[in-house]
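Just below is one structure, and these are the notes that go with it.
Just so it is clear, none of the values below were taken in a lab; they were calculated from the coordinates. A quick note: this is a predicted structure, and the numbers were derived from the prediction, not measured. All Cβ positions, even for glycine, are placed from backbone atoms using ideal geometry, and neighbour counts span all protein chains on display.
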Amino acid sequence: MKGLWKLFVAAPVVLLVGMVTPAMAQTEVGVGYQWQHLSCSGCEGVNMPFGLNFDVGGRVMPNLDVIGQVDWSRKSESSVTENLTAFGGGIRWNAATMSTAKPFIDVLVGAAHDSVEGFSQTKGMIQLGGGVAFPLNAKWSGVGQIDYRRFFTDPGTNSIRLVFGVRTSL
């Protein structure tokens, strides 16, 4: 039962990769800065002030993209450094609007690997978030988003994540 979350994570990612391949004609790639706050019941909250986010999405329907995401956050205090790497796959729904700004909502399933001074663990994760993409020019968009994440640790860990970056069509 303990390793069942790996199947829960791997199956959707394999399915998503298969769906993205035919949709490569409308592929978007994004990169951005991320900040996140981690908290759990009975523990002190932690801000991770530096992080990077990478994502790729492929259109499968007019307002629906299949997406994959990898991100990394880091926090250093004195001689202790914590690194958190998360990866997942899911869907992004893009709102059809009359304006140039495009709101979106995304849902991802994946895992996160946390390492602090000799201790490391990888646990399942689910993410629900949204934001807005706004055109910078014909090919590039600025992106701002906020996400809620649940890491399946013991006790469970919650995360609020802010991402600011750019996205381009290939």
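Across the range 42-91, C-alpha contacts under 8 Å between residues 6 or more apart give a mean separation that, scaled by the residue count, equals a relative contact order of 33 percent.
Multiply the residue separation of THR100 and ILE160 by 0.36 nm, subtract the distance between their alpha-carbon atoms, and state the gained length in nm to one decimal.
The THR100-ILE160 span can extend by a further 18.9 nm.
For the chain, the relative contact order is 22 percent, taking Cα pairs closer than 8 Å that sit 6 or more residues apart in sequence and dividing their mean separation by the residue count. Working note: Karplus 6.51/-1.76/1.60 with θ = phi - 60° gives the range 97-109 the couplings 10, 7, 8, 7, 6, 10, x, 8, 10, 9, 10, 10, 10 Hz, where Gly and Pro are set to x. Dividing the helix sum by the residues of the chain, where each DSSP H run of 4 or more adds -39500 (n - 2.57), gives a mean residue ellipticity at 222 nm of -3500 deg cm²/dmol.
Charging the Cβ of each Asp and Glu at -1 and of each Lys and Arg at +1, and nothing else, the dipole of the chain about its Cα centre rounds to 400 debye. With respect to the chain, whose longest principal axis is taken over its alpha-carbon atoms, helix 4-20 is tilted by about 20°.
Antiparallel versus total DSSP beta bridges in the chain: what percent is that, nearest 5? Can you show the working numbers first?
Working: 99 of 99 bridges.
Here the share of antiparallel DSSP bridges comes out near 100 percent.
3J(HN,Hα) couplings calculated from phi for the range 144-151 with the Karplus curve 6.51 cos²θ - 1.76 cosθ + 1.60 (θ = phi - 60°) are, in sequence order, x, 8, 10, 10, 10, 10, 10, 9 Hz; Gly and Pro show x.
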